[in-house]
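Single-structure report; data block below.
The values are calculated or read from the model by the stated rules, or taken from the named source; none is laboratory data. These figures come from a predicted structure and were not determined experimentally. Positions of Cβ are backbone-derived with ideal geometry, glycine not excepted, and every protein chain shown enters the neighbour counts.
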Amino acid sequence: MKNIFLSASIPLPERHPKYYDSADIIAIRDAVIALATIALGKHRIIWGGHPSITPLIYYVIERIIQNRLDEKETYKILDSDNQKETLFKELKEEIFEHVKIYQSLFFKDKFPEDNEKFENIKFTENKGDIHSSVQFMREEMLHKNEFAAAVFIGGMDGIEVEYKMFIEKHPEALVIPVASTGAATKIVYDNLPNDSEIKNERFLKDYGYMSLFQKYLIDEI
């Protein structure tokens with residue numbers, strides 16, 4: 001099982017227009033769901049908790065577990081209460097094994113409700129201001145884990161920061177900037193040298209994210 005770093009968010013309209021104006025929100029959601037669907041169960045996804053991304057990951061995990069249980073005769077014969085209990089237990093085990101979230105305590109009073117569904121959140125120290133706190137969280141996340149790959153989707157300035165940090169810390173890891181999702185990831189992609197191995201035209205034009213991640217991520221790590 002390999003660690004995959006996910007850097008993703010849906011840009012906010014009140015932030016810099018260069019992110020929001022080019023963002024394809026449907027593509028961002030589709031890409032995150034596709035990544036989680038194809039990677040979870042085989043590998044572990046690690047990301048900095050974000051209210052626009054964490055619920056999507058949980059949705060995929062819940063769907064995977066529900067589909068898996070629906071195929072079992074021993075589950076089908078249970079009453080509804082026992083089915084719910086079994087689903088909850090399986091979800092906890094899957095999340096513990098295949099997901100890790102980092103969250104700064106600077107945002108303690110603003111944590112999304114979905115955080116409560118994840119027991120294995122790595123909380124990092126509140127450094128007194130948002131910039132220092134988030135930067136410390138990123139350093140903890142990227143320096144204390146070994147990664148086989150990173151996937152960048154949509155996002156704002158944090159994507160650009162995390163991209164630079166990731167390639168510096170993990171120069172041998174696979175990097176996939178899904179430029180078709182627009183926003184900061186497309187800026188990262190556009191700024192790559194034309195001869196860069198990362199600047200694959202399919203990352204810009206291919207919206208078939210399941211097959212894209214299978215070919216360029218799962219088959220490669």
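Before moving on, here are some points about what is shown:
Yes/no matrix, rows are residues, columns are (1) crowded, with 21+ Cβ neighbours inside 10 Å; (2) in a helix (DSSP H, G or I); (3) among the polar types (S, T, N, Q):
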residue	(1), (2), (3)
L142	yes, yes, no
N145	no, no, yes
E160	no, yes, no
P177	yes, no, no
A184	yes, yes, no
Y189	yes, yes, no
E197	no, no, no
E220	no, no, no
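- Positions within the range 91-140 being among the hydroxyl-bearing types (S, T, Y) and surrounded by 17 or more Cβ atoms within 10 Å (Cβ to Cβ), in sequence order: Y102, S104, T124, S133
Residues checked against (1) at pLDDT 95 or above; (2) over 30 Å from K89 (Cβ atoms); (3) not small (G, A, S):
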residue	(1), (2), (3)
E119	no, no, yes
H143	yes, yes, yes
G155	yes, yes, no
L174	yes, yes, yes
K186	yes, yes, yes
Y189	yes, yes, yes
E197	no, yes, yes
F213	yes, no, yes
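- R63 satisfies every condition listed in (1) loosely packed, with under 15 Cβ neighbours inside 10 Å; (2) at pLDDT below 90 except (2).
- Y19 meets each of the listed conditions (1) over 25 Å from E139 (Cα atoms); (2) hydroxyl-bearing (S, T, Y); (3) over 12 Å from the mean Cα position of the chain (by Cα); (4) surrounded by 16 or more Cβ atoms within 10 Å (Cβ to Cβ) apart from (1).
- Selected residue (criterion: nearest to the chain's Cα centre (by Cα)) from residues of the range 147-158 that are closer than 21 Å to Y20 by Cβ and in a loop (DSSP other than H, G, I, E, B): G155
- Residue count, the range 68-86 (criterion: in contact (Cβ under 8 Å) with a residue 12 or more places away in the chain and under 16 Å from G41 (Cβ atoms)): 2
- Only one of the numbered conditions (1) in a helix (DSSP H, G or I); (2) buried (at least 21 other Cβ atoms within 10 Å of the Cβ) is not met by S7, and that is (1).
- Whichever residue in the range 28-57 is over 19 Å from G155 (Cβ atoms) and in contact with a strand residue (DSSP E or B) (Cβ under 9 Å, 6 or more places away or on another chain) and, among such residues, is surrounded by the most Cβ atoms within 10 Å (Cβ to Cβ): L40
- Test: residue in the range 165-177 that is without any contact (Cβ under 8 Å) to a residue 24 or more places away in the chain and basic (K, R): no
- Near pairs, Cβ below 8 angstrom, 6+ apart or cross-chain, from the range 91-115 (under 24 Å from G128 (Cα atoms) and among the β-branched types (V, I, T)) to any residue that is at pLDDT below 85 and not in a strand (DSSP E or B): I101/N115; I101/F118; I101/N120
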